[in-house]
Amino acid sequence: MLAFLDEAVAWMVERGQSDQWGSEPWSAQPKRVARVRAMAESGLLWIAEVDGAPAGALVLGDPPEEIPPVDEPEVYIRFLITSRRLAGRGIGSDLLDFARAHTRALGIGLLRVDCWAGGGGRLVEYYVRNGFTPSAMFAVGDWPGQVLEQRVD
């Protein structure tokens, strides 16, 4: 997971887009390493593979405290990332399909996720293309976030 995050930071910095996560690798920041470790140890981690090698990661769990609550059961996507070296192969969409299937199997009708809303909204657009609808906005300091949701039947 840290390697995927480090790849993403390097890729964004190359494009002059350090607003989302800064310019320092996640693996060099103890607080971020601890955050990733906690997610990985939560028991709700799935790793996508391509040819036997890790290609992406999905973590489901409770929403972060800054996310507006809902008054119904939900499955929340805490983390979704794919390897930049495998971009364009549909790995993220496959992991979202997995999250939908998992939500359905639990008999839950709501799947939510949050993402960075900056950068012209490109990440929000990604989730919209994958069937999510923007719902609530939130902020963590100067970091703008968007909650998106999808009904799963």
### Query
Mind ordering 96-109, 38-51 by average Cβ neighbours within 10 Å, highest first?
96-109, 38-51
### Task
On the protein heavy atoms, probe 1.4 angstrom, tell me the percent of accessible surface of the chain carried by carbon and sulfur.
51 percent
#### Entry: Percentage relative contact order, the chain, counting C-alpha pairs under 8 Å, at least six apart
19 percent
## Note on the structure
Simple spin-label estimate for Lys31/Trp11, 7 Å along Cα→Cβ, in nm, reads 2.6 nm
### Summary
For Ala3, the net charge from surrounding residues (Cβ-Cβ under 12 Å; K, R +1; D, E -1) works out to 0
### Query
Which three lengths, in whole Å and largest first, does segment 97-153 cover when its Cα atoms are put on their principal axes?
37, 20, 15
### Query
Accessible area per residue, 1.4 Å probe, Å², for the chain: what's the number?
54 Å²
### Which of Leu86, Trp46, Pro144, positive extreme of dipole for the chain (C-beta unit charges)
Leu86
### Task
Take the Cα atoms of segment 16-153, find their three principal axes, and give me the spread along each one in whole Å, biggest first.
40, 39, 28
### Query
Got a sec to turn the phi values of segment 127-133 into Karplus ³J(HN,Hα) couplings, 6.51 cos²θ - 1.76 cosθ + 1.60 with θ = phi - 60°, whole Hz, x for Gly and Pro?
5, 4, 4, 9, x, 8, 10
### Long-range amide H partners of Gly56 with built H, under 5 Å
Ala48, Ser83
#### Entry: Neighbour-limited loop hits for GluC sites (Glu not before Pro), segment 51-136 (at most 15 other Cβ within 10 Å; DSSP other than H, G, I, E, B)
Glu65, Glu66
### Cα→Cβ-extended label distance, 7 Å offset, between Arg151 and Ala3, nm
4.1 nm
#### Entry: Label-point gap, in nm, between Ile67 and Ala139 - each point 7 angstrom along Cα→Cβ
2.1 nm
### Message
Per residue of segment 137-153, what does 6.51 cos²θ - 1.76 cosθ + 1.60 with θ = phi - 60° give for ³J(HN,Hα)? Whole Hz please, x for Gly and Pro, Karplus curve as stated.
### Response
9, 8, 9, 10, x, 8, 7, x, x, 10, 8, 10, 9, 8, 7, 10, 10
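The values are calculated or read from the model by the stated rules, or taken from the named source; none is laboratory data. All values reported here derive from a predicted model rather than from experimental measurement. Quick reminder, even Gly has a Cβ in these numbers, built from the backbone with ideal geometry, and neighbours come from all protein chains shown. Each accessible area value is taken on the protein alone, full model and side chains, heavy atoms only, with ligands, DNA and RNA left out. Shrake-Rupley method; radii C 1.70, N 1.55, O 1.52, S 1.80 Å.
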